[in-house]
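Take a look at the following structure, please.
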Amino acid sequence: MGTPKILLVKLSSLGDVLHNLPIVWDLRSQYPNAQIDWVVEEGYVNLLEPLLSSPSFRGIDRIIPFGLRAWKRSLLSPKTWQAFFAFKKDLQAQTYDIVIETQGLLKSAIVCALASKSPHVIVAGLANATEFSGYEPIAKTFYSQSVQVPTQCHAVDRSRLVMCSAMDVPLVTRETKPQFYPQSFVEQIPNSQIFGLHRPYILCFHSTARAAKRWSKEHWVALGKALASDGYQIVFPWGNAEERVISEALAVEVTHSLVPPAFSIDEAFSLIKGADLTIGVDTGLTHLAAVLDRPTVEIYCDSPLWKTEGYWSKRIRNVGDIEAPPSVAEVLAASRDLLKNSVKH
């Protein structure tokens, strides 16, 4: 199988898309001339664009945006159906030999069904759920190959298991360090243009969709005050109105801190690249800092370390665990250790 045509299906969300990136590199190492396309929710296209193939780099050949979230808001609109049929035409512009679906959800499986496939196609997906992850068993009915994974399996390792089974190659283990973005891309990320931001600064991603995964406001205030006393501007981003209220309440307590305006994924790259440190709960933007190999402290409060911890770099500290939130002292010690050892820019 020298030049297979491969479709990756990982639609969302931010962290899940990031943790699927290494299989692009794994596939390229074995099949340098393969066609590799990826279907992703249109809101996350920006996460994949740095891996698009170019004359000097071979990565993802085609990104196929999927607009389900927008379509669900107006299912009966003619524009929605026009957009759906345009997506279907785009998807079916290529005929695939291998389809790798690493999400285990019905919506992802339906994308697999819609794709144009060669007569001997392999459609590989998850045979079972991993703990604390969304999974819809009906998705298995759309696969020709269901891949059993450990019930406790890191998101990166899980994608690699499905990929290796689909391609019938030896398992890629952690001895092969996962790669996410080209180093040349990371080095060229521009500085953030957010007004009021000044260096050195520390990002604090305090919010996530599930309230139980959050660290207490009192802890954030104590941590912010300690790091501000070390000379850092503390930045409290937010993603919705509720999170903005929390950010503003934290900023009142922490001297010279900043609540930035809403920002795009592209701006998130810049904001994270320029930070001396990112501290955050188990959420997509914290994982973005980890995959960019920036100094990152990941705080786990109500999700397990094994599921998404950044294990690939000495510049990442993972603290806490499911039902075992870390203390302020633990997070502060990890933060100061990384700051001490980081190269100053």
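The values are calculated or read from the model by the stated rules, or taken from the named source; none is laboratory data. Everything numeric here is computed off the predicted structure, so don't read it as measured data. No Cβ is skipped: glycine too gets one built from the backbone with ideal geometry, and neighbour counts run over all protein chains shown. Just so you know, the surface numbers come from the protein's heavy atoms only, side chains and all, with ligands and any DNA or RNA stripped out. Shrake-Rupley method; radii C 1.70, N 1.55, O 1.52, S 1.80 Å.
What residue among Lys273, Lys72, Lys89 shows peak mean-square fluctuation when the chain is described by a Gaussian network model with Cα springs under 10 Å?
Of Lys273, Lys72, Lys89, the Gaussian network model singles out Lys72 as fluctuating most.
Which value, in debye to the nearest 20, describes the size of the charge dipole of the chain about its Cα centre when Lys and Arg Cβ atoms bear +1, Asp and Glu Cβ atoms bear -1, and nothing else is charged?
On the way: 34 positive and 34 negative charges, 106 e Å.
Charge dipole, the chain, about its Cα centre: 500 debye, nearest 20.
Please list, in chain and number order, the residues 5+ apart from Val99 or on another chain whose amide H is under 5 Å from its amide H, with Hs placed from the backbone.
Leu7, Ile122, Val123, Ala124
At 1.4 Å probe size, what's the solvent-accessible area of Ser270? Round to the nearest 10 Å².
Its accessible surface works out to 10 Å², give or take rounding.
First check a/c for the stretch 58-206, with a ≥ b ≥ c the square roots of the eigenvalues of its C-alpha gyration tensor; if it is under 1.5, answer rounded, and if not, answer prolate when a/b is larger than b/c or oblate otherwise.
Oblate, because a/c is 1.5 or more while a/b does not exceed b/c.
Any idea how far the Cα center of the stretch 30-95 sits from the one of the stretch 304-320, in Å?
30
Further question: Give the shape of the stretch 170-222 as rounded, prolate or oblate, defined through the alpha-carbon gyration tensor: a ≥ b ≥ c are the square roots of its eigenvalues, a/c under 1.5 means rounded, and otherwise the shape is prolate if a/b is larger than b/c and oblate if not.
Verdict is oblate for the stretch 170-222.
Can I ask one more? If I build a Gaussian network model for the chain, linking alpha-carbon pairs within less than 10 angstrom, which residue out of Ala249, Ala290, Ala166 has the largest mean-square fluctuation?
Of the options given, Ala249 has the highest mean-square fluctuation.
If contacts are Cα pairs under 8 angstrom and at least 6 residues apart, what is the relative contact order of the stretch 106-180 in percent? Don't skip to the end; give the middle numbers.
On the way: 82 pairs, mean separation 21.3, N = 75.
Taking the mean separation of contacting Cα pairs over the length of the stretch 106-180, I get 28 percent.
For the stretch 296-345, which trypsin sites (Lys or Arg not before Pro) are both in a DSSP coil and crowded by at most 14 other Cβ atoms within 10 Å? Mind dumping the intermediate values first?
On the way: sites: Lys307, Lys314, Arg315, Arg317, Arg336, Lys340, Lys344; in loops: Lys314, Arg315, Lys344.
The qualifying sites are Lys314, Lys344.
Give me the accessible area per residue for the stretch 241-300, probe 1.4 Å, as a whole number in Å². Intermediate results must be reported in sequence, preceding the final value.
Values: 1880 Å² over 60 residues.
Accessible area per residue, the stretch 241-300: 31 Å².
Further question: Which trypsin sites (Lys or Arg not before Pro) does the stretch 192-235 hold that lie in a coil by DSSP with at most 16 other beta carbons within 10 Å?
Taking the stretch 192-235 and a limit of 16 other Cβ atoms within 10 Å, the loop trypsin sites (Lys or Arg not before Pro) found are Arg210.
Do the alpha carbons of any pairs in Lys72/Lys307; Lys10/Lys72; Lys10/Lys307; Lys79/Lys107; Lys273/Lys340 sit beyond 22 Å of each other, and which pairs?
Lys72/Lys307
Still on this structure, I have one more. Rounded, prolate or oblate: which fits the stretch 189-342 when a ≥ b ≥ c are the square roots of the eigenvalues of the alpha-carbon gyration tensor, with rounded for a/c under 1.5 and prolate only if a/b beats b/c?
It comes out rounded by the Cα gyration axes.
Now a separate question. For the stretch 130-141, just list the computed ³J(HN,Hα) in residue order, Karplus coefficients 6.51, -1.76 and 1.60, θ = phi - 60°, integers in Hz, with x standing in for Gly and Pro.
Couplings: 9, 4, 6, 10, x, 7, 10, x, 4, 4, 4, 5 Hz.
Another question, then. Between Gly284, Gly274, Gly134, which gets the highest mean-square fluctuation from a Gaussian network model of the chain, Cα cutoff 10 Å?
Looking only at Gly284, Gly274, Gly134, the biggest GNM fluctuation is shown by Gly134.
When all C-alpha to C-alpha distances in the stretch 134-200 are sorted into bins of 10 Å, what percent of pairs does each bin hold, rounded to whole numbers?
14, 32, 22, 17, 13, 2
Now for a separate question. Roughly how many percent of the accessible protein surface of the stretch 1-127 is carbon and sulfur, given a 1.4 Å probe and a whole-percent answer?
Working: 3000 of 5280 Å².
Of all accessible area on the stretch 1-127, carbon and sulfur atoms account for 57 percent.
Could you work out the per residue convex hull volume over the alpha carbons of the chain, in cubic angstrom? Working shown, then result.
Numbers: hull volume 49.4 nm³, N = 345.
Output value, Cα hull per residue: 143 Å³.
Still on this structure: Do you know the relative contact order of the chain, to the nearest whole percent, from alpha carbon pairs under 8 angstrom that are 6+ apart?
14
Using the heavy atoms of the protein chains and a 1.4 angstrom probe, tell me the accessible area per residue for the stretch 5-186 in square angstrom.
Each residue of the stretch 5-186 exposes 44 Å² on average to a 1.4 Å probe.
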